[in-house]
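One structure is given below, encoded as structure tokens.
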Amino acid sequence: MTQDHNAALRAAWGAFCDGLKQAGELAFSETAPDTPLDRAAGLEYVARYIGKALNQKHEFNDPLYPQLWPLMTPTSKSFGDNPDCTYLVGVVSGDHTYRIVGNRGSVAWVSFIAGPSYLNNADLETEWDGAFSITLSQAPQPGNWLRLAPGDNRVFIRQFFGHWDTEEPMRLEIQRIGQQEPPPPVTPDRLIGDLQQALDWLVEDSAYWVKWIEYYRDFPNQWVAGVPRWRDDGGHATELGRALHFCQWNVQPDEALILSVRPPECAYWNFELGNYWMNSVDYRYRLSSLNDRQASVERDGMVYVVVSHADPGIPNWLDAGGHTVGLVNQRWVEARTEIPELKAELVKLEDLARALPADVRRMTPDGRRDQLRRRKIGVERRFAV
């Protein structure tokens, strides 16, 4: 860096701000719903990417000083975030050896991915009290081990919560073996480079997920199995032992979309409601997701879920939150029986009662209030302040 660091930093900041202004145009794309709510949600989507991008490319991108950080929160979302899931990410290098230590807690299902390897749920070896240690390295190690590839690797940790208000999250920390000295202070050169990388990633990643939801627009209110054909990594479907289904929902205020299925035996399953921007509908105050621990199952084993704007009076409600277009994400994890056919039927709200079985389970107003109260408690437990 030359002595004129002030000019260089000003130029980098100006370019960053100009790039953000241009990135915001994504919210006004012609294919997005042209409603006040969806335009505002689109701009909110891009704005929330700023902190995520700086975390990804500046705050937590040094493999010499690894740090796990929450990729998704109730106010920082992307890629069809699962309201049941806490996502932690970090960066490590195949040139070093690392250790993740912590306690398994009592969440429904967990997964660790680092570089080309993964460690899922039942494969995680723990002590009697839930304590565990995982070694990350290129060379094989005894016990829990994740193999790293040469160069930088991303660590991706998922925790799927079932009973939000009672399950204990994992406690985790990561360390590089031999790490002793603190990281050096930030320099103008590093910050300038990181700002550009953060902007590039923000632009690319935010547009990527809009492209994803657009893939399903030709199949309104229909289930489609699997991820878009142009996604070449399969979305870690094999590593996570999951079968994915998507339904782009189009539901007006006077309509309801009935989703029905007889779930297979599996370790975990869920339905999650997102808006056009692949963000979950607010899950702190609304019922925007259901999992196998939360959902009501009928006496014959069927599950009926209703996407609607008004409370349908049954337990399994996905609240549209004012949106009329979005994506329902659905997954079966580690299914032990055949994957069933999912059905979707759009009806008028006034015909909903006739379209559902006469003996379908019902939800009282008091029951709904308690359902929402427990949900909020669960969010606060998971994202403790």
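The values are calculated or read from the model by the stated rules, or taken from the named source; none is laboratory data. Computed from a predicted model, the values in this text were never measured in an experiment. Counting neighbours? That spans all protein chains shown, and the Cβs are built from the backbone with ideal geometry, glycine included.
Are any residues in the range 250-287 under 21 Å from THR337 (Cα atoms) and either outside any loop (DSSP other than H, G, I, E, B) or of a type in the set (S, T, N, Q) (or both), and if so, which ones? Talk me through it step by step, then tell me what you get.
First pass over the range 250-287, keeping only residues under 21 Å from THR337 (Cα atoms): 259-271.
Within the range 250-287, LEU259, SER260, VAL261, TYR268, TRP269, ASN270, PHE271 qualify.
What number goes with the only condition from (1) assigned to a loop (DSSP other than H, G, I, E, B); (2) under 15 Å from the mean Cα position of the chain (by Cα); (3) free of Cβ contacts under 8 Å to residues at least 40 places away in the same chain that LEU290 does not pass?
Result: LEU290 passes all but (1).
Looking at (1) farther than 19 Å from PRO33 by Cα; (2) assigned to a loop (DSSP other than H, G, I, E, B), which one does VAL224 not meet, given that it meets all the others?
(2)
Could you tell me whether THR31 is assigned by TED's automatic domain parsing to the domain that holds GLN196, within 28 Å of GLN248 (Cβ to Cβ), surrounded by 14 or more Cβ atoms within 10 Å (Cβ to Cβ) and of a type in the set (Val, Ile, Thr)? If you could, list the steps in order and put the result at the bottom.
Details: assigned by TED's automatic domain parsing to the domain that holds GLN196: yes; within 28 Å of GLN248 (Cβ to Cβ): yes; surrounded by 14 or more Cβ atoms within 10 Å (Cβ to Cβ): no; of a type in the set (Val, Ile, Thr): yes.
Considered against the rule, which asks whether it is assigned by TED's automatic domain parsing to the domain that holds GLN196, within 28 Å of GLN248 (Cβ to Cβ), surrounded by 14 or more Cβ atoms within 10 Å (Cβ to Cβ) and of a type in the set (Val, Ile, Thr), THR31 comes out as no.
What pairs come up if the first residue lies in the range 295-316 and is buried (at least 19 other Cβ atoms within 10 Å of the Cβ), the second is outside any loop (DSSP other than H, G, I, E, B) and among the polar types (S, T, N, Q), and their beta carbons are under 6 Å apart, counting only those six or more places apart or on different chains?
If the second residue must be outside any loop (DSSP other than H, G, I, E, B) and among the polar types (S, T, N, Q), the pairs left are TYR304/SER260.
Among the listed residues SER260, SER206, SER280, which satisfies the condition of being more than 28 Å from GLN56 (Cα to Cα) and among the hydroxyl-bearing types (Ser, Thr, Tyr)? Steps first, answer last, please.
Values: SER206 fails: more than 28 Å from GLN56 (Cα to Cα); SER280 fails: more than 28 Å from GLN56 (Cα to Cα).
On inspection, the qualifying residue turns out to be SER260.
Yes or no: ARG286 basic (Lys, Arg), farther than 28 Å from ALA122 by Cβ and either at pLDDT below 95 or outside the structural domain of PRO36 (by TED's automatic domain parsing) (or both)?
Working: basic (Lys, Arg): yes; farther than 28 Å from ALA122 by Cβ: yes; either at pLDDT below 95 or outside the structural domain of PRO36 (by TED's automatic domain parsing) (or both): yes.
Considered against the rule, which asks whether it is basic (Lys, Arg), farther than 28 Å from ALA122 by Cβ and either at pLDDT below 95 or outside the structural domain of PRO36 (by TED's automatic domain parsing) (or both), ARG286 comes out as yes.
Identify the single condition in (1) under 24 Å from GLU380 (Cα atoms); (2) assigned to a strand (DSSP E or B) that ASN82 does not satisfy, given that it satisfies every other one.
ASN82 satisfies all of (1) under 24 Å from GLU380 (Cα atoms); (2) assigned to a strand (DSSP E or B) except (2).
Against the definition (under 19 Å from the mean Cα position of the chain (by Cα), of a type in the set (A, V, I, L, M) and over 18 Å from TRP109 (Cβ atoms)), how does LEU273 come out, yes or no?
Values: under 19 Å from the mean Cα position of the chain (by Cα): yes; of a type in the set (A, V, I, L, M): yes; over 18 Å from TRP109 (Cβ atoms): yes.
Answer is yes for this residue.
Here is a yes/no grid of residues against (1) in a helix (DSSP H, G or I); (2) modelled with pLDDT under 95; (3) of a type outside the set (Asp, Glu); (4) farther than 20 Å from TRP201 by Cα:
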| residue | (1), (2), (3), (4) |
| --- | --- |
| PHE16 | yes, no, yes, no |
| LYS21 | yes, no, yes, no |
| GLU25 | yes, no, no, no |
| ALA40 | yes, no, yes, yes |
| GLU44 | yes, no, no, no |
| ARG48 | yes, no, yes, no |
| GLY51 | yes, no, yes, no |
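Would you mind stating whether TYR49 is in contact with a Pro (Cβ under 7 Å, 6 or more places away or on another chain) and crowded, with 20+ Cβ neighbours inside 10 Å?
On the way: in contact with a Pro (Cβ under 7 Å, 6 or more places away or on another chain): no; crowded, with 20+ Cβ neighbours inside 10 Å: yes.
No, not satisfied.
Scan ARG229, ARG217, ARG284 and give me the residue that is surrounded by fewer than 17 Cβ atoms within 10 Å (Cβ to Cβ), of a type outside the set (Val, Ile, Thr) and under 15 Å from ASP84 (Cβ atoms).
Numbers: ARG229 fails: under 15 Å from ASP84 (Cβ atoms); ARG217 fails: under 15 Å from ASP84 (Cβ atoms).
Matching residue, one of ARG229, ARG217, ARG284: ARG284.
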